[in-house]
Amino acid sequence: MTSSDPRLHLRLARPDDMPVLSALMDRAIGELLSAFLPPEGVAASYEVMGLDTQLIADGTYFVVEDGEAIAGCGGWSRRATLFGGDHSAGRDAALLDPASDAARVRAMYTHPDHTRKGVGRMILDACEAAARAEGFSRAEMAATMGGVPLYRACGYQDIEPFEAETSSGYRVPLIRMGKAL
């Protein structure tokens, strides 16, 4: 996938990217969700969001580079887990059936210095193309309030709102969204 910005380059994430990706995710959560959630909601979000190394191992996680810097990351999955990082509860590594299940769009983050440049759309396009190539006809995700505007603009429709409860008792609002591929 290419962007209208010639500085942006899409590639698969590598294990050696993990420290940079974790830092990018932490910064994105801390800075970008504050427009949508109170401080306690942003703090609680770290518990249900973050790096899922299974996506990197599966070869389904992308990064967008802007020159030498990673501007964003995100991926898709053929596994049942809908959202969350390595540390999140309720993970399920069972493989999905492309004939009957929706692929999962997962762990989409844009570095705060790179928002509104097409980074998220570039990753989402790559995820959808890869899932289609593996026979999936639908994609679903658990969208944060910060991601909902992008996903709606890209044709995703709300399926149902829900909340992820955290150890602090704060319930992080999410929306399950889907799209035909």
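Readers should treat all values here as calculations from the given coordinates under stated rules, not as data from a laboratory. If you're wondering where the values come from, they're calculated on a predicted model, not measured in any experiment. So basically every Cβ, Gly included, is an ideal-geometry build from the backbone, and we count neighbours across all protein chains shown.
Could you grab the Rg to Rh ratio for the chain? Cα atoms only, Kirkwood for Rh. So for the chain, dividing Rg by the Kirkwood Rh gives 0.93. The mean sequence distance of close C-alpha pairs (under 8 Å, at least 6 residues apart), as a share of the length of the chain, puts its relative contact order at 22 percent. If R0 is 25 Å, the Cβ-Cβ spacing of Asp5 and Glu31 corresponds to a FRET efficiency of close to 0.70.
Working note: Karplus 6.51/-1.76/1.60 with θ = phi - 60° gives the range 68-85 the couplings 8, 8, 7, 8, x, 8, x, x, 9, 9, 9, 10, 6, 4, 8, 7, x, x Hz, where Gly and Pro are set to x. Placing +1 on the Cβ of every Lys and Arg and -1 on the Cβ of every Asp and Glu, with no other charges, gives the range 23-181 a dipole of roughly 400 debye about its Cα centre. The GluC sites (Glu not before Pro) of the range 1-81 that meet both conditions, a loop assignment by DSSP and at most 15 other Cβ atoms within 10 Å of the site Cβ, are Glu68. One chain, two ends: Asp58 and Ser88. Fully extended at 0.36 nm per residue, the span grows by 9.0 nm beyond their Cα-Cα distance. Which trypsin sites (Lys or Arg not before Pro) does the range 1-75 hold that lie in a coil by DSSP with at most 15 other beta carbons within 10 Å? Listed in order of number, the matching sites are Arg7. Report summary: the helix-based calculation at 222 nm, which adds -39500 (n - 2.57) for every DSSP H run with n ≥ 4 and divides by the residues of the chain, gives -8500 deg cm²/dmol. When the chain is treated as a GNM with alpha-carbon contacts under 10 Å, the residue of Val119, Val64, Val20 showing the greatest mean-square fluctuation is Val20. Each residue, Val20 and Arg176, gets one label point 7 Å from its Cα in the Cβ direction; the gap between the two is 3.6 nm.
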